[in-house]
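For reference, the structure discussed in these notes is given below.
Computed from the coordinates by the stated procedures, all read-outs in this text should not be read as laboratory data. As the structure is a prediction and not an experimental result, all values here were calculated from the model. Note that we place each Cβ from the backbone using ideal geometry, even for glycine, and neighbour counts take in every protein chain shown.
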Amino acid sequence: MPDQIVIIGAGGHGRETAEILQARARQIGDVELLGFVDDAAARLGAAIDGVPVLGDWSWFDGVDRGEVAVLCAVGMPAMSRRLAERARALGLRLANAISPQAVVSPLAEVGQGVTLFPQAVVNTRAWLGDLCILNVGVSVSHDSVVGPYCNLNPGVRLAGNVRVGEGCYLGMGASVIQGRSIGPWTVVGAGAVVIRDLPADVTAVGVPARIIKTRGGRHGG
């Protein structure tokens, strides 16, 4: 029986996630998209790109929570963490959305609530934490680790043995060379090239990436 999935969040990222699940349903048949749950009053009762908005979070009060799984479809790591904590508190299971056009090594480890867009590549012995998002064309090379709640935007490239801490946000086209590490809740700007380790809670931009802002150890709070 296909896994019945509800997407939390009907914004742009949620709509893209819906297309991944619809493609998987057509080509593999192991998922069924039920619709969106969203607290925005203007979206309630609507159909977005043909997918119904089932209701707000109270919708889960009227269903058997053991029969559905959820995907927290927002692009900002801190919000993703909050939604996941709320879902887990309700006893909801986190589903994955893995595009049929993504390539995942059988030796890679993938957590719960992970979204892999078309042309994402996850190579041998890589590890993806819960709620990671790998957008279109992201590559994660051998033995690299991507912590929970990270968002790797389109075209990000991680070389081998890279460590990306929890809650990091890597902008479009950013690259990290072999063996470097990025601390938790750090932001790397679009097109940046990380050639030295970066600490937690900073923003780094440029080629090579340099720190332009420190956020004082909030760790995504």
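Brief remarks on what is shown
- GNM on the chain, alpha-carbon springs under 10 angstrom: the most fluctuating residue among Ile28, Ile98, Ile182 is Ile28.
- Taking Val138, Val146, Val202 in turn, the Gaussian network model of the chain (Cα-Cα springs below 10 Å) assigns the largest fluctuation to Val202.
- DSSP beta bridges fully contained in the chain are about 10 percent antiparallel.
- At R0 = 25 Å, FRET efficiency that the Cβ-Cβ distance of Asp39 and Val63 yields, to 0.05: 0.90
- Among Gly45, Gly183, Gly75, residue whose mean-square fluctuation peaks in a GNM of the chain (springs only between Cα atoms under 10 Å): Gly45
- Note that segment 59-70 has calculated 3J(HN,Hα) couplings of 4, 5, 5, x, 10, 6, 5, x, 9, 10, 10, 10 Hz, one per residue in order, obtained from phi through the Karplus relation 6.51 cos²θ - 1.76 cosθ + 1.60 (θ = phi - 60°); glycine and proline are x.
- Amide N of segment 105-141 lying under 15 Å from the label point, which is placed 7 angstrom from the Cα of Met172 along Cα→Cβ: 135-138
- The magnitude of the dipole of segment 98-208, with charges of +1 and -1 set on the Cβ of Lys/Arg and Asp/Glu and taken from the Cα centre, is near 260 debye.
- Backbone amide hydrogens, once placed in the peptide plane, bring Gly167 within less than 5 Å of Tyr149, Cys150, Trp185, excluding anything fewer than 5 places away on its chain.
- Debye log10 I(q)/I(0) at q = 0.15 Å⁻¹ for segment 3-95, Cα point scatterers: -0.52
- Phi-based couplings in Hz for segment 129-144 (Karplus 6.51, -1.76, 1.60; Gly and Pro marked x): x, 4, 6, 5, 10, 10, 6, 4, x, 6, 10, 10, 7, 3, 6, 7
- Relative to the Cα centre, the charge distribution of the chain, modelled as +1 at Lys and Arg Cβ and -1 at Asp and Glu Cβ, gives a dipole magnitude of about 900 debye.
- The length gained by stretching the chain between Gln4 and Ile28 to full extension, at 0.36 nm per residue less their Cα-Cα distance, is 7.2 nm.
- 3J(HN,Hα) from dihedral phi, segment 116-126, Karplus parametrisation 6.51/-1.76/1.60, rounded to Hz, x for glycine, proline: 10, 7, x, 6, 6, 10, 10, 8, 4, 6, 6
- With neighbour counts taken as other beta-carbon atoms within 10 Å, the residues Tyr149, Tyr169 rank, fewest first, as Tyr169, Tyr149.
- Residues with amide H under 5 Å from that of Gly206, placed H, sequence gap 5 or more: Gly189, Ala192, Val193
- For the chain, the Kirkwood radius over C-alpha pairs fed into Stokes-Einstein at 10 °C and 1.306 mPa s yields D = 90 µm² per second.
- Cut-off under 5 Å, modelled amide H: who pairs with Ala95 long-range: Val70, Leu71, Gly113
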